[in-house]
1. Could you work out the relative contact order of chain B? I mean the mean sequence separation of Cα pairs under 8 Å and 6+ apart, divided by the number of residues, in percent.
2. How would you rank B:110, A:69, going from fewest to most other Cβ atoms within 10 Å of each one's own Cβ?
3. Give me the compactness ratio for chain A, meaning the Cα radius of gyration over 2.2 N^0.38 Å.
4. Based on the Cβ-Cβ distance from residue B:111 to residue A:9, what FRET efficiency comes out when R0 is 25 Å, to the nearest 0.05?
5. If you build a Gaussian network model of chain B, linking Cα atoms that sit under 10 Å apart, which residue out of B:11, B:93, B:81 swings the most?
6. What's the percent breakdown of Cα-Cα distances in chain B across 10 Å bins, shortest bin first?
7. What's the exposure ranking of B:23, A:91, going from fewest to most Cβ atoms within 10 Å?
8. Could you tell me whether the stretch B:65-110 comes out rounded, prolate or oblate from its Cα gyration tensor? Rule is a ≥ b ≥ c as square roots of the eigenvalues, rounded for a/c under 1.5, then prolate if a/b exceeds b/c, otherwise oblate.
């Protein structure tokens, strides 16, 4: 089992560019999540999907969109990147939303 | 709004010293509590969790945590740290009525000197 995988590992964007971060899990989990990690602020939830076909906003959704493509895949899209979106992005999954979450290796995004 | 507070931002210890990292949360109802660890350059891994039952929970690598409901706390402890425990530690809380939403604390960076 690869667990939770994320692509790309690193990305540099210019302000205004768009991109999609990809996340996939092979653990047959129902719930998936996107977080951003910033120094001194811990992890903050951007969006989550409790089950296939549903998505909900988290703590910091502005500037992002998500797609739960199928049970395995949950993508995060930045339509018009801003320097404030420079961060490390983590995807996570859990069997159901009430259980512990398993994290991917992260994507380090820099917006110049 | 719910929040999680980790009081220590950076802790420096020598090997064999005892460790206690504080975590307090603000929510009066049922909670699930977690400690995650992030080793340098790696992703978050679950150390331990509390859902119900015995408030003293044991996790991997000799860590334990105690849930004290009256103090809204879930402090992490280890009797004797090793250099390999150098990492960042995150406390997280899931409120009973919030589905899968985890609220994380700011993190505590632990440096263990050999």
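Derivation of every value follows stated rules applied to the coordinates shown; laboratory data play no part. Since this is a predicted model, take the numbers as computed values, not measurements. So basically every Cβ, Gly included, is an ideal-geometry build from the backbone, and we count neighbours across all protein chains shown.
1. Working: 283 pairs, mean separation 42.7, N = 114.
Result for chain B is 37 percent.
2. Values: B:110 21, A:69 13.
Ordered by Cβ neighbours within 10 Å, fewest first: A:69, B:110.
3. On the way: Rg = 13.0 Å, N = 112, 2.2 N^0.38 = 13.2 Å.
Taking the Cα Rg and dividing by 2.2 N^0.38 Å, one obtains 0.98.
4. On the way: r = 26 Å, r/R0 = 1.02.
Given R0 = 25 Å and the Cβ-Cβ separation, E is 0.45.
5. Among B:11, B:93, B:81, the largest GNM mean-square fluctuation belongs to B:11.
6. Pair shares across the bins are 15, 50, 29, 6, 0.
7. Working: B:23 26, A:91 29.
If I rank by nearby Cβ atoms, fewest first, I get B:23, A:91.
8. On the way: a/c = 3.16, a/b = 1.65, b/c = 1.91.
Note, shape of the stretch B:65-110 comes out oblate.
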